[in-house]
């Protein structure tokens, strides 16, 4: 199945390596502008630069997803892009919180 994400924005956490990076690449190859987020600033910037050099639209944001203020700032910065956020991937967030503390709900764009 070929999905097109032309004129869409995808926000991917954990995008400096592994599944997050693979997800960011897949969104880029499907036509999305991709926001790569990770707490490993140098690594995530390098990966965003590689995507940009390959002709894709990409930008990096340093974000520690365990810090609610950083997550809110990441979302605020992303929603200021010319297109709205159309897809999110929380590759680093799975299993991050104990069952007593659910992930922060971000009401601006309705993601959790």
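Derivation of every value follows stated rules applied to the coordinates shown; laboratory data play no part. Only a predicted model underlies this, so the values are computations on that prediction, with no experimental measurement involved. Cβ sites come from the backbone with ideal geometry, for glycine too, and all protein chains shown count toward neighbours.
Here's the yes/no breakdown for (1) under 26 Å from residue 68 (Cβ atoms); (2) surrounded by 23 or more Cβ atoms within 10 Å (Cβ to Cβ):
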{"position": "13", "(1), (2)": "yes, yes"}
{"position": "17", "(1), (2)": "yes, no"}
{"position": "22", "(1), (2)": "no, no"}
{"position": "43", "(1), (2)": "yes, no"}
{"position": "46", "(1), (2)": "no, no"}
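Could you look through region 48-79, keep only residues that are outside any helix (DSSP H, G or I) and more than 14 Å from the chain's Cα centre (by Cα), and pick out the one that is surrounded by the fewest Cβ atoms within 10 Å (Cβ to Cβ)? Only one residue fits best here, namely 55. A single member of 34, 12 is assigned to a strand (DSSP E or B) and touching a residue at least 40 places away in the same chain (Cβ under 8 Å), and it is 12.
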